[in-house]
Amino acid sequence: MKKIMIIGSCGAGKSTLALKLQQITGLELIHLDQYYWKAGWVESDKTVWQTQVEKLAQKPSWIIDGNYGGTMDIRLAAADTIIYLDRSRWVSLYRVLKRIVQYYGKTRPDLAEGCHERFNWPFIHYVFTFNDRKKPKLLRRLKDLKPHQQLFILRSNRAVKSFLKTMVLQQTSLPKK
């Protein structure tokens, strides 16, 4: 695993899993939200964003967390490992609300500076309807993976913990350089 892509609903645990994997593997951690958003929640220009993602995907190794459907094909083509956190709407919604309370008025570590956590009804609606509106298309994209690509669909905390334990075991069994 040299290029790990983590996708899933907002609140599914993408950034948390990405950080834990980075600690285990030592791979560069890239939170797409830090590149896409500018201070004050200003979106990146689409052409600039596409170029940025292409540059990130060309790096020799990484862990990238984030969906961004418009550039997902770039990352899917480059990734050797895809992790889809397939969480229920209720788990994702709970985690988003918890995150809002925890970071309200502050910038989370996985966001660009100046993007202060806030309560936003359209965002809450997006999270609540993600599995109905976005998941089917996401699953269709994942059916087209190449034979060298590994797909892990993790649906629970237990599955995530088991996956991380396996990663630790793999890392400790690798020969030392």
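On the given criteria, is Leu151 in contact (Cβ under 8 Å) with a residue 24 or more places away in the chain, closer than 19 Å to Asp80 by Cα, not aromatic (Phe, Trp, Tyr) and not in a helix (DSSP H, G or I)? Yes, satisfied.
Among the residues of the range 68-86, those that are β-branched (Val, Ile, Thr) and touching a residue at least 60 places away in the same chain (Cβ under 8 Å) comprise Thr81, Ile82, Ile83.
Checked against (1) part of a helix (DSSP H, G or I); (2) loosely packed, with under 15 Cβ neighbours inside 10 Å; (3) of a type outside the set (Val, Ile, Thr); (4) without any contact (Cβ under 8 Å) to a residue 40 or more places away in the chain, Phe128 passes all but condition (2). Is at least one residue of the range 107-114 at pLDDT below 95 and loosely packed, with under 12 Cβ neighbours inside 10 Å? Taking every residue of the range 107-114 in turn, at least one turns out to be at pLDDT below 95 and loosely packed, with under 12 Cβ neighbours inside 10 Å. Of all residues in the range 42-72, those being acidic (Asp, Glu) and either assigned to a helix (DSSP H, G or I) or crowded, with 20+ Cβ neighbours inside 10 Å (or both) number 2.
Inspect all residues belonging to the range 98-112 and state whether any of them is in a strand (DSSP E or B), out of contact with any Cys (no Cβ under 7 Å at 6 or more places or on another chain) and not small (Gly, Ala, Ser).
Just the residues of the range 98-112 that are in a strand (DSSP E or B), to begin with: 104, 107.
Among the residues that remain, those that are also out of contact with any Cys (no Cβ under 7 Å at 6 or more places or on another chain) are: 104.
After this cut, where a residue has to be not small (Gly, Ala, Ser) as well, the list is 104.
Yes.
Looking only at residues that are of a type in the set (A, V, I, L, M, F, W, C) and in contact with a Leu (Cβ under 8 Å, 6 or more places away or on another chain) in the range 33-55, which one is modelled with the highest pLDDT?
Of all residues in the range 33-55, those of a type in the set (A, V, I, L, M, F, W, C) come to 37, 39, 41-42, 48-49, 53.
Applying the additional criterion that residues be in contact with a Leu (Cβ under 8 Å, 6 or more places away or on another chain) yields 37, 53.
Values: Trp37: 95, Val53: 98.
So the residue we want is Val53.
How many residues are part of a helix (DSSP H, G or I) and touching a strand residue (DSSP E or B) at 6+ places or on another chain (Cβ under 9 Å) if we restrict to the range 154-177? Please lay out each step first, then the result.
Looking only at the range 154-177, we keep the residues that are part of a helix (DSSP H, G or I), and these are 157-173.
In the following step, the residues that additionally are touching a strand residue (DSSP E or B) at 6+ places or on another chain (Cβ under 9 Å) were identified as 159-160, 162-163.
Summing the residues that are part of a helix (DSSP H, G or I) and touching a strand residue (DSSP E or B) at 6+ places or on another chain (Cβ under 9 Å) in the range 154-177 gives 4.
Taken together, the residues in the range 41-66 that are touching a residue at least 40 places away in the same chain (Cβ under 8 Å) and over 14 Å from Glu28 (Cα atoms) amount to 2.
Specify which of the listed residues (Ile30, Ile7) is outside any loop (DSSP other than H, G, I, E, B), among the β-branched types (Val, Ile, Thr) and under 24 Å from Thr129 (Cβ atoms).
Numbers: Ile30 fails: under 24 Å from Thr129 (Cβ atoms).
The match here is Ile7.
The values are calculated or read from the model by the stated rules, or taken from the named source; none is laboratory data. Because the structure is predicted, anything quoted here is derived from the model rather than measured. Here the Cβ is made from the backbone with ideal geometry for all residues, glycine too, and neighbour counts use every protein chain on show.
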